[in-house]
Each structure stands twice: as C-alpha cells, then as structure tokens.
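Here the structure is laid out as structure tokens; the discussion comes afterwards.
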Amino acid sequence: MPKKGYKKPLPPTAHDPESLVVWTRRYVEHMKVRGYSERTTITTEGYLLLFAEWAFDRGLSRPTEITKPILEAHQRWLFYFRCPSGKPLGFSSQRVRLQKLKNFFRYLARENVIAANPASELELPRIVRRIPRAILSEKEIERVLSTPEVTEPLGLRDRAIMETLYSTGLRRAELAKLELFDIDTERGTITVREGKGRKDRTVPVGERALMWIGRYTEEVRPTLVVPPDDGVLFLSDRGERLGLPWLTQHMRRYLAASKVGKNGACHIFRHSMATHMLEGGADVRIIQEILGHAETSTTAIYTRVSIKRLKAVHDETHPAARLGPKKPVTTVATEATEEDLLATLEEEAVEDDVP
C-alpha cells in the first residue's frame, strides 16, 4: 500500500464531477490552501484514492453512496490486508488511514455534499504505546558511530550525519531539510524549520557533533555541491538533498555493519539519545522540548525504557534484591506534584489522541 502519490490508473468515474476521485482532488486542494505540508497532502491523496479504488471495485463511486457499514467493511479489509512481505498493517497505520477518511467525510458534510457524515461514529483502532524495540547502549552507539570510514569523503559525511542524529535526536526528515544557516556554532544550536506539525524549534547540539559537521562542510561538501548552491547541509554524491528512503537504508546498513546485534535506522539514534539523557538525569520536559513532542505523555515512553534508576532504587529498597546485607537507603524521594500525578493518570486511562 503506497505512502506517497497514487500511480495506478484511476477508475472510469474519475471524470464524474461528483465522484470520490474528483472530491478527493478538491479536498486535497482545500488542504493546500489551509497550509498543510506537501508530504501530508500527498499522503492523504494517496490513501483517499486507494479508498476510491476499493469502493469502485464494489460498485460505489460517489460520496453519497458511502454509508457507515461500508466504512466498517473497509476497516475490516484494512485489518485483513497483507503487504507484499506478508505482514499485516499495524494498528497505527490502520488508524492513520481511517482518520484521513473521517476528516474527508467531515469536509464533505461541511460542504453539503452529503446529508450526514457516515464516518462520524466510526470507531478507530486503539493504539498501544510500545517502548522502542531497540535502544543502543553508550558503548554500542560509539561502535556504530565509528563504523564509517572517515578517511573517505562520503564516510566523513556519514559520520557527521550520525553524530548529528545522536546529538540532537532529529527525525530523518528534519535532518534532510537542514541548511547551512541552521547551524549556529557559537551558540551550539541547530534550528529545525517546519518539523512535525510544521513547527520550528531550536535544539542544542554537542561540540563533538559540531566538530564533525565542521569537517564535513569544509572538506567534503564543496566537492559534492552542484551550482547553484541552494544551501542544503547534507548532500548526496550527486549534489542533491538526501532522500528519506535512502537515509533509512544507509543508516540500517551501518547498524548491521557495526554488528551490535540490533536492528534499526535513523530513529534508533533518536531513541538512544533520549534514553541516555534521561538516565543522565535530564528532566523529561527538557527532552520533550528537544525532541519536539507536543505532549509530555509521548516523551514519557522513555521513562519505561530507562531502567538504571529503577534498578538502583530496587537494589536499595527491596529486601531480597541482594545476597548480602541490605545497604542503607540513600535515594532521596521527591514529592510528586499534582501535575505529575494527573499526567500519569491521564496517560494510563485515556485513549490515544487522533494523530
């Protein structure tokens, strides 16, 4: 199931002014006018056109023909769908597709295209917040970072990329969009422009990462850039902005070459950075700001990954934690604020918000 634009031939009803296909195009135009990112509009169009194709195969071509039972049938189809690899769609992927359908039909109802919204009461799949599958230890992260051959130009570039990912916790799309003027060496910061949710933020970057970025920009980037220089920081061997699939596959290969025995790609640097900072004593709200999470509950997932603090308290307080005599408790308990308690209760009780 494609995640970007729709390439298959459209149904014969594509020229019907009241068809699902035409209204999908109008809706996507509406999103563009409202300032949604190109990535969001492309993904939305692809998912909605896939639904239009699914509906056409069942003799349905217009929004007025879609009912709640039909949408529920489509939801079941998504549940049983299998990718070419044989794997099912994750519940989060199913939820994203269904949420885009809900937004689409809400728009149609608002435009009086349909008398009632058939998706208004469609129940979305529950999302379970899982801890990251793989977190690199500090020794493992250093092993991965040392994998590129820095005597080679592209190896030096790749080391700078990985150092940036680990130091800042940037998402791969945020890293690919970095430009030269986003790096502030004096202040030790990187400005992320139009991150997730089209929000800008400034994040700290370590001296070591800045050193590798500096070496790359001075020694390698001039040999890669193709005039006119548009200022993109990290370039491919053809002088182009790095593609997101390429970044994923490239980082995955380095992780495999390091032989740390863990799978992952760009996001493993983000997970590892957040976990290491938390174990080092950083407040979860500070990590939230750096990662660009809208809600603290999203960042709180790393409190479940960080085991060092829990282990230390367990060893000091549990009567059967050690074979020898129990050591005196040295951990100072801090009183939880009302805000912390409410946040914890909300995280445990409330369903996940719509993405």
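Miscellaneous remarks
- Filter result for Phe105 (without any contact (Cβ under 8 Å) to a residue 60 or more places away in the chain and closer than 23 Å to Glu18 by Cβ): yes
- From the list Glu194, Glu123, Glu174, the lone residue that is modelled with pLDDT under 95 and in a helix (DSSP H, G or I) is Glu174.
- Set Phe104, Phe91: member being buried (at least 19 other Cβ atoms within 10 Å of the Cβ), outside the structural domain of Ala173 (by TED's automatic domain parsing) and under 29 Å from Lys196 (Cα atoms): Phe104
- Lone unmet requirement of (1) assigned to a helix (DSSP H, G or I); (2) farther than 17 Å from Ala173 by Cα for Arg252: (2)
- Tally of residues being surrounded by fewer than 19 Cβ atoms within 10 Å (Cβ to Cβ), under 16 Å from Trp212 (Cβ atoms) and out of contact with any strand residue (DSSP E or B) (no Cβ under 9 Å at 6 or more places or on another chain) across the range 160-199: 1
- Candidate set: the range 17-36, residues that are hydroxyl-bearing (Ser, Thr, Tyr) and assigned to a loop (DSSP other than H, G, I, E, B); chosen: the one farthest from Pro63 (Cα to Cα): Tyr36
- Any hit, the range 119-130, residues being over 30 Å from Ala55 (Cα atoms) and surrounded by fewer than 16 Cβ atoms within 10 Å (Cβ to Cβ): yes
- Single match in Val232, Val284, Val226 (criterion: at pLDDT 90 or above and more than 20 Å from Glu194 (Cα to Cα)): Val226
The values are calculated or read from the model by the stated rules, or taken from the named source; none is laboratory data. Because the structure is predicted, anything quoted here is derived from the model rather than measured. Cβ sites come from the backbone with ideal geometry, for glycine too, and all protein chains shown count toward neighbours.
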